[in-house]
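Let me begin by presenting the structure, written as structure tokens, before commenting on it.
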Amino acid sequence: MNAKLADKIATTVIYVIAGMVALVLFSMLGFILVQGLPHLSWHFLTSPALSFEAGGGIGIQLFNSFYLLVLAMVISFPIALGAAIYLNEYAKKSVWTNIIRTAIEILSSLPSVVVGLFGFLLFVVQFKFGFSILSGAIALSIFNLPLLTRSIETSLAQIPYLQREAGAALGLSRWETVLHVVLPAAVPSIVTGVVLSAGRVFGEAAALIFTAGQSAPALNFMDWNPFNISSPLSPMRPAETLAVHIWKINSEGIMPDLNLVSAGASAVLIIVVLIFNFSARKLGMKLFKKLTSS
Amino acid sequence: MDSITEKIKRQSESTRKDRFGRTLSWTALTFIVLVVALIFAFVLSRGLNTFIANKVSVTDFLFGTTWNPSVVNPKTHQPFVGALPMIMGSFLVTFLSAIVATPFAIGTALFMTEIAKKRGAKIMQPIVELLVGIPSVVYGFIGLTVIVPFMRGVVGGSGFGILSGTIVLFVMILPTVTSMTVDTLKSVPRHYRESALAIGATRWQMIYKVILRAATPGILTAVVFGMARAFGEALAVQMVIGNAALMPTGLTTPASTLTSVLTMGIGNTVMGSLQNNVLWTLAMILLLMSLVFNLIIRMIGSKGELK
Amino acid sequence: MPKMHRGRTIFAGILVVLALLIGTAYLTRDKTSSSVSITAVGSTALQPLVEAAGEDYARDNAGVFVNVQGGGTGTGLSQVAQGAVDLGNSDLFAAEKKGIKAQDLVDHQVAVVGITPILNKGLNIHDLTSKQLQDIFTGKVTNWKELNGPDQEIVVINRAAGSGTRAAFEKWGLDGAKSLEAQEQDSSGMVRSIVSSTPGAISYVAFAYGNSSVTSPAINGVAAKDENVKNGTYPIWSYEHIYTKGKPNQAVQGFLDYLMSHQVQSKLVPKLGYISIHDMDIKRSMDGQITANS
């Protein structure tokens with residue numbers, strides 16, 4: 001057999017495959033941006049959606065997406081951080097730990113639609129929260145917890161064991177070592193992980209359809225009191241997010257400019273996710289430089 | 001004397017803090033486990049209702065081929081709740097997309113780790129990461145505006161169907177499988193490569209005979225992981241598959257998956273009715289399948305370790 | 001460790017400020033508007049109408065907030081039957097939906113929607129009998145040539161099982177027969193574009209979505225037009241219902257009265273493609289009994 005020829009052919013094939021994957025991404029990004037960017041305007045980004053007339057925007061949906069993201073992060077970050085610390089610093093190898101790890105893995109591979117239905121059953125129906133930001137934020141947190149826990153745990157595991165020994169040698173307890181030695185060293189990669197998971201949460205829709213709801217009532221942006229139902233901050237109002245909006249108008253939308261709106265909304269979604277992606281890396285590197293140079 | 005024993009026995013400030021921290025982090029972890037248990041309890045209790053309260057036989061449900069829960073079968077006096085069409089649909093799109101995605105993922109991963117290490121990492125790494133980040137509804141939107149009309153033009157029919165679903169899922173799981181394959185390839189020890197090249201193997205021989213063999217368990221894990229993601233994906237698939245609860249007869253005729261029937265139906269049925277319970281049973285199947293995928297990954301992992 | 005103390009003080013400070021903010025927000029909350037909040041859940045077809053009417057109503061009646069959520073007819077009916085919400089929006093009579101105790105619910109019919117079959121233009125068929133329609137949708141005939149059309153296979157496209165349009169079409173268009181299992185789409189616009197581009201395709205949409213890209217055939221010689229629905233000659237139409245549990249309270253009754261008012265019925269209702277309930281010459285009961293509308 002001609003091994004050299006086989007080598008050449010295989011190399012070419014691999015080049016072609018890699019090229020095709022790159023092509024797929026660029027044509028997809030290009031398609032979304034070319035379709036959507038012309039439709040973007042200040043008006044589109046800030047005005048409320050119209051359900052049966054042309055000329056609606058995505059203002060409320062955009063705000064809802066960010067608000068839900070912040071709430072979900074506020075709920076899930078402390079829990080994920082605690083869980084990751086326990087798993088990486090305290091847990092010994094045992095059957096128990098094994099079961100817990102499996103549980104987290106199962107949660108991470110759970111279809112997000114199942115998480116959404118669980119949220120619907122428990123929070124919307126049982127606890128009578130209704131379709132609301134609160135239900136949505138909790139469902140998103142459940143969706144986000146395993147991803148975040150794993151990324152924080154990896155960040156912690158990357159810190160050399162030497163640092164912990166140094167802490168112990170100084171007479172610090174394990175908790176103090178974690179708090180003052182390990183965590184500060186892990187901050188850059190934790191931040192990167194958090195921002196990346198924020199990107200995924202921002203684009204999630206299936207978990208929200210039956211928790212945060214599919215309607216975006218008009219908001220009074222002059223009223224920032226969370227106890228008023230028409231206030232943007234009210235946790236009890238239904239809140240359709242950008243991703244849910246794209247899904248909904250594509251599967252049952254009735255406005256005449258449906259294609260334009262969904263192309264524009266998709267472009268916004270992609271741009272936000274891209275910003276998250278790039279800033280995650282930039283932020284991580286910057287923090288790393290700052291924290292290691294001092 | 002007494003004060004000294006007391007001093008020794010008393011917990012130091014550090015110990016107290018440590019105990020506090022330990023409890024705090026333990027609580028967080030327990031909370032997650034509790035959530036998982038709750039999800040299982042809720043979905044199982046709802047899903048099993050079909051069999052317990054509505055007395056639908058399990059075999060009818062799993063192997064029946066007619067799905068029309070609001071119509072009663074005159075022969076058995078039970079509604080038509082054969083879920084096989086959706087189960088078939090889910091498995092078909094999952095396997096097909098995994099089969100298509102695997103060579104692409106391995107090729108891209110090899111490009112990044114073996115063929116063009118520097119350029120590969122520089123160009124392909126961000127591309128793969130960006131693909132992971134694209135939300136599933138955007139994939140669905142592209143599927144609906146590009147792939148479905150394309151299929152309609154090429155193969156005729158309405159353009160909705162398993163093939164369109166497969167294409168969308170293929171692009172969706174490709175980055176996941178690729179990045180995990182890259183990790184496994186990177187973990188193949190360097191001396192494997194060096195010894196292969198030292199005895200005169202070409203690069204392809206080294207890749208094919210040594211690296212891919214050594215990385216097989218890892219690649220399999222990556223593929224199963226991608227399949228788990230494809231199996232549970234709801235919205236993107238629902239937008240392009242056509243949603244006909246029929247036994248799939250071809251790749252270009254409309255079909256449905258467990259997730260697409262779930263998202264379409266759950267709002268149109270009444271809580272506690274049979275029509276609603278059967279949907280929860282579908283959710284239960286999804287849940288159990290993600291358990292199965294996890295077990296498979298574990299099995300591959302432990303087999304890989306033994307070698 | 002002064003650094004740690006500083007961190008702690010800042011943290012405590014933030015907590016105190018947050019608590020103060022929430023406290024003042026709670027005290028200064030708008031007590032009038034949160035006191036009357038009407039919640040409507042259900043049919044996505046009816047949602048835009050109730051939403052738009054609710055916004056206008058809230059503008060004219062300070063202190064009333066109408067919270068409209070989607071979720072589907074089934075969700076709406078079960079939530080209102082449980083007393084979890086004030087209004088349940090439905091495309092169907094409650095008694096037609098399995099698992100609902102209809103006797104507790106009071107029906108308020110707010111609009112009428114006419115449904116027309118739509119055909120691919122290439123078929124050049126402009127007239128169908130009810131019998132033919134039934135044969136097509138139950139799969140008795142599979143080729144258009146059996147109905148004196150071109151030699152072309154029949155492609156049936158359904159709406160989602162359990163959707164209001166489908167239920168009404170099966171009940172009044174197919175004489176209660178169930179449509180065969182076929183492709184399902186949930187969006188009227190999508191259904192129309194599939195029918196217009198697929199040779200031999202047939203489906204059905206509300207009147208508002210029929211346009212020149214598809215043919216909407218006459219049924220038994222009666223054209224699918226608003227006036228034929230109003231005078232009772234065109235059979236395929238349905239009511240849009242809003243259900244309350246028992247007699248509505250004063251605030252809810254006020255909103256229902258507003259929905260029935262001239263302002264809503266003559267402006268919003270036609271704008272959405274519905275037929276005003278006041279324009280109907282006839283009344284139809286759930287089992288098809290037709291009486292003159294007084």
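Derivation of every value follows stated rules applied to the coordinates shown; laboratory data play no part. If you're wondering where the values come from, they're calculated on a predicted model, not measured in any experiment. So basically every Cβ, Gly included, is an ideal-geometry build from the backbone, and we count neighbours across all protein chains shown.
Structure data summary
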| item | result |
| --- | --- |
| For the stretch B:2-81: relative contact order, % (alpha-carbon pairs under 8 angstrom, 6 or more apart) | 14 |
| In order through the stretch A:201-215: 3J(HN,Hα) via Karplus (6.51 cos²θ - 1.76 cosθ + 1.60), integer Hz, x for Gly, Pro | 5, 4, x, 6, 10, 4, 6, 9, 3, 9, 10, 7, x, 10, 9 |
| Proximal lysines to C:Lys97, defined as alpha-carbon separation beneath 17 angstrom and excluding residues fewer than eight positions away on the same chain | C:Lys171, C:Lys178, C:Lys245 |
| Geometric extent, Cα atoms of chain C - Rg, Dmax (angstrom) | 24.5, 93 |
| Candidates B:Gly265, B:Gly21, B:Gly133, ranked by Gaussian network fluctuation over chain B, Cα under 10 Å, top entry | B:Gly21 |
| Average partner coverage of B:141-153, which counts Cβ from other chains inside 10 Å | 4 |
| Distance in nm between pseudo-label sites at B:Glu6 and B:Ile296 (7 Å out along the Cβ direction from Cα) | 6.6 |
| Helical contribution to [θ] at 222 nm, DSSP H n ≥ 4, -39,500 (n - 2.57), averaged over chain C, rounded to 500 | -9500 deg cm²/dmol |
| Separation in nanometres of the label points that stand 7 Å from Cα toward Cβ, at C:Ile282 and A:Lys4 | 8.8 |
| Packing-based ranking, highest mean first, of B:90-99, A:124-133 given that Cβ atoms within 10 Å are counted | B:90-99, A:124-133 |
| At least 24 Å along the helix axis (C-alpha) and Kyte average at least -1.0, DSSP helices within chain B | B:13-52, B:84-110, B:162-187, B:212-232, B:274-306 |
| Amide hydrogen neighbours beyond the local backbone of A:Ala216, cut-off 5 Å, H modeled | A:Glu240 |
| Partner chain coverage, peptide A:176-183 - average Cβ within 10 angstrom | 2 |
| The protein assembly as shown, dipole about Cα centre (Lys/Arg Cβ +1, Asp/Glu Cβ -1), debye to the nearest 20 | 3680 |
| Cα-based equivalent ellipsoid, chain B: semi-axes from gyration tensor eigenvalues, Å | 41, 36, 18 |
| Residues of type aspartates and glutamates that C:Lys230 reaches as a straight line, Cα spacing below 12 Å, ignoring anything fewer than 8 places off in the same chain | C:Asp279, C:Asp281 |
| Helical mean residue ellipticity (222 nm; -39500 (n - 2.57) per DSSP H run of 4+; nearest 500) of chain B | -23500 deg cm²/dmol |
| Global form of the stretch A:40-291, assessed from the alpha-carbon gyration tensor, a/c cut-off 1.5 | prolate |
| Shape of the stretch A:177-250, Cα gyration tensor, a/c cut at 1.5 | oblate |
| Most fluctuating residue given options B:Leu130, B:Leu174, B:Leu246, as computed from a GNM of chain B linking Cα atoms under 10 Å | B:Leu130 |
| Average Cα contact separation per residue, chain B, under 8 Å, 6 or more apart, as relative contact order % | 24 |
| Net charge of Cβ neighbours under 15 Å - reference A:Ala239; Lys, Arg +1; Asp, Glu -1 | -1 |
| Charge context of B:Gly64, other residues only, Cβ under 14 angstrom, K/R +1, D/E -1 | -1 |
| Relative exposure of B:Tyr208, C:Tyr209, judged by other C-beta atoms within 10 Å (fewest first) | B:Tyr208, C:Tyr209 |
| Overall form of the protein assembly as shown per C-alpha gyration tensor (a/c, 1.5; a/b vs b/c) | oblate |
| Other protein chain Cβ atoms within 10 Å, averaged over every residue that makes up B:246-257 | 2 |
| Label-zone membership for the stretch B:164-179, site B:Glu129, 7 angstrom Cα→C-beta point, backbone N under 17 Å | B:175-179 |
| Binned Cα-Cα distances of the stretch C:61-211, short to long, each 5 Å bin given as a whole percent | 1, 9, 17, 19, 17, 12, 9, 7, 5, 3, 1, 0, 0 |
| Nearby lysines by direct alpha-carbon distance to C:Lys247 (threshold 19 angstrom, same-chain neighbours under 8 apart not counted) | C:Lys101 |
| Estimated dipole of the stretch A:40-291 in Debye, rounded to 20 [Cβ of Lys and Arg +1, of Asp and Glu -1, Cα centre] | 800 |
| Helical mean residue ellipticity (222 nm; -39500 (n - 2.57) per DSSP H run of 4+; nearest 500) of chain A | -22500 deg cm²/dmol |
| Close Lys-Lys pairs in chain B, where close means Cα under 21 Å and separation is 8 or more or interchain | 12 |
| Fewest-first ranking of B:Thr50, A:Thr102, using other Cβ atoms within 10 Å as the exposure measure | A:Thr102, B:Thr50 |
| Rel. contact order, % - alpha carbon contacts under 8 angstrom, at least six apart, chain A | 26 |
| Debye equation applied to the C-alpha atoms of the stretch B:54-95, log10 I(q)/I(0) at 0.14, 0.25, 0.26, 0.27 Å⁻¹ | -0.32, -0.79, -0.84, -0.88 |
| Residue order, fewest to most beta carbons within 10 Å, for C:Leu87, A:Leu145 | A:Leu145, C:Leu87 |
| Placed amide H near B:Gly157: partners under 5 Å, 5+ positions off or other chain | none |
| GNM flexibility winner over chain B from B:Ala245, B:Ala198, B:Ala41 (Cα, springs under 10 Å) | B:Ala198 |
